[in-house]
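Structure first, commentary second.
The values are calculated or read from the model by the stated rules, or taken from the named source; none is laboratory data. Owing to the predicted nature of the structure, the values given are computational and were not obtained by experimental measurement. Cβ: placed from backbone, ideal geometry, glycine included. Neighbour counts: every protein chain shown.
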Amino acid sequence: MDNSIRTTSFYSDIRRILHSARSRAYTAVNTAMVDAYWHIGKRIVEEEQGGAERAQYGKKQLEQLSEQLTVEFGKGFNVRNLRHMRSFYQTYPIRNALRTELNWTHYRCLIRIEDNKARQWYLEEAIDQNWSARALERQVSSLYYKRLLSSKEQAPVKIEAKAKTDALAISNKDYLRDPYIFDFLNIPNQSLLETNVEQALIDNLQKFLLELGKGFAFVERQKRISTEDQDFYIDLVFYNFKLKCFLLIDLKVGKLIHQDVGQMDTYVRIFDQHLKEPGDNPTIGLILCSKKSEAGAKYSVLTDNEQLFASKYLPFLPSEEELRKELERERRLLQEGE
């Protein structure tokens, strides 16, 4: 037998073993997490039903519980997530009805669906079609179930839905990037969410902005911002004391697409709504993309007031061309060092 064929077969066997082991490990942790969160939700409901006085102070109790759990067990136990656990138990009061194929993010999406039939349909479809949590959220937000019921021709609706979910198919990398797994195990997830290339580029960008001398102060990496039903992570957050505003930076290792701009706009709105102080100016979003052969940068904010952006913000911000050149330079140095 040709040595190259034998080596390929040998590598494939080892690769298959590791993928299988990682999948089993993820399933085991996920099952334990879902089980724990169901029991926490059950215990919260039991405590709140223990009497009128306890029910009246339920919110305060959750706040106290959140503080105590966070001190001992780390992230993942804010009041909002504890409420999700309570709703999880209330929606699925029978423990044996839970499915091991679905993770906590799946269930967080499902418990928001008020219609019981629709919720059960989405659950079964998510399992049958192997939808990732993102794919499930996409189908729920696009009213896939209702569109199927109201459509005389279901085939085009199914084809469209499949195209969307294929683009969000779950991969082995998703197993290692699930923020709820990190929270549950109390493992710092910053380094695990970044590839070596992303890590190096972000390190350089952080240093580059701080050395500009234009008022930048570093705030946080992998900053988590949350809506009622979804969490997002921002690669870098700075505050500019001269502009009195935050700068959010998201790095894409690949081509910049329209959806990236829309996503950054969402980050900016959430940040302005929940984290910006009354005296601060509107938050700035910056999207950077870095490919092997090219780089790009785009500011994504104040599109409805470009004059203000140009006159007030740009004197203290690096231009998109400066950022592009800096990314290309750093990427080139990384490739030369490989």
Task: Any hit, segment 167-185, residues being at pLDDT 80 or above, out of contact with any Gly (no Cβ under 7 Å at 6 or more places or on another chain), closer than 30 Å to Ala28 by Cβ and surrounded by 12 or more Cβ atoms within 10 Å (Cβ to Cβ) - done: no
Task: Failed item in (1) in a loop (DSSP other than H, G, I, E, B); (2) over 27 Å from Ser23 (Cβ atoms); (3) modelled with pLDDT under 90, with Gln61 passing the rest - done: (1)
Task: Tabulated pairs, segment 274-286, first in the same structural domain as Leu205 (by TED's automatic domain parsing) and part of a helix (DSSP H, G or I), second surrounded by 10 or more Cβ atoms within 10 Å (Cβ to Cβ) and of a type in the set (A, V, I, L, M, F, W, C), C-beta under 8 angstrom, 6+ apart or interchain - done: His274/Ile225
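Just to be sure before I move on: is Ala52 at pLDDT below 90, over 27 Å from Gln222 (Cβ atoms) and of a type in the set (A, V, I, L, M, F, W, C) in the structure I sent?
Spelling it out, Ala52 is indeed at pLDDT below 90, over 27 Å from Gln222 (Cβ atoms) and of a type in the set (A, V, I, L, M, F, W, C).
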TODO: Can you tell me which residue among Ile127, Ile159, Ile111 is out of contact with any helix residue (DSSP H, G or I) (no Cβ under 8 Å at 6 or more places or on another chain) and modelled with pLDDT of 80 or more?
DONE: Ile127
- [ ] Evaluate the following for Ala118: is it assigned by TED's automatic domain parsing to the domain that holds Ala36, part of a helix (DSSP H, G or I), within 19 Å of the chain's Cα centre (by Cα) and of a type in the set (Gly, Ala, Ser)?
- [x] no
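Condition check ((1) outside the structural domain of Asn30 (by TED's automatic domain parsing); (2) modelled with pLDDT under 90; (3) assigned to a helix (DSSP H, G or I)) across all residues:
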{"site": "Arg83", "(1), (2), (3)": "no, no, yes"}
{"site": "Arg86", "(1), (2), (3)": "no, no, yes"}
{"site": "Thr100", "(1), (2), (3)": "no, yes, no"}
{"site": "Tyr122", "(1), (2), (3)": "no, no, yes"}
{"site": "Leu136", "(1), (2), (3)": "no, yes, yes"}
Task: Considering residues of segment 92-126 that are of a type in the set (Ser, Thr, Tyr) and buried (at least 19 other Cβ atoms within 10 Å of the Cβ) only, the residue farthest from Tyr144 (Cα to Cα) - done: Tyr92
TODO: Could you tell me whether segment 294-314 includes any residue that is at pLDDT below 80, aliphatic (A, V, I, L, M) and either closer than 25 Å to Ala133 by Cα or in a strand (DSSP E or B) (or both)?
DONE: yes
Open item on the list: Let me confirm something: among Glu228, Glu198, Glu220, which residue is modelled with pLDDT under 70, surrounded by fewer than 18 Cβ atoms within 10 Å (Cβ to Cβ), within 17 Å of the chain's Cα centre (by Cα) and over 17 Å from Ala133 (Cα atoms)?
Closed with: Glu198
Open item on the list: Let me confirm something: among Leu205, Leu247, Leu210, which residue is modelled with pLDDT of 80 or more and either over 16 Å from the mean Cα position of the chain (by Cα) or exposed (fewer than 15 other Cβ atoms within 10 Å of the Cβ) (or both)?
Closed with: Leu247
TODO: Return the pairs, sorted by first residue and then second, in which the second residue is buried (at least 20 other Cβ atoms within 10 Å of the Cβ) and among the aromatic types (Phe, Trp, Tyr), the first residue lies in segment 66-94 and is without any contact (Cβ under 8 Å) to a residue 40 or more places away in the chain, the beta carbons are less than 7 Å apart, and the residues are 6+ apart or on different chains.
DONE: Ser66/Phe77; Leu69/Phe77; Thr70/Phe77
Task: Which numbered condition Pro93 misses (of (1) more than 24 Å from Arg224 (Cβ to Cβ); (2) part of a helix (DSSP H, G or I)) - done: (2)
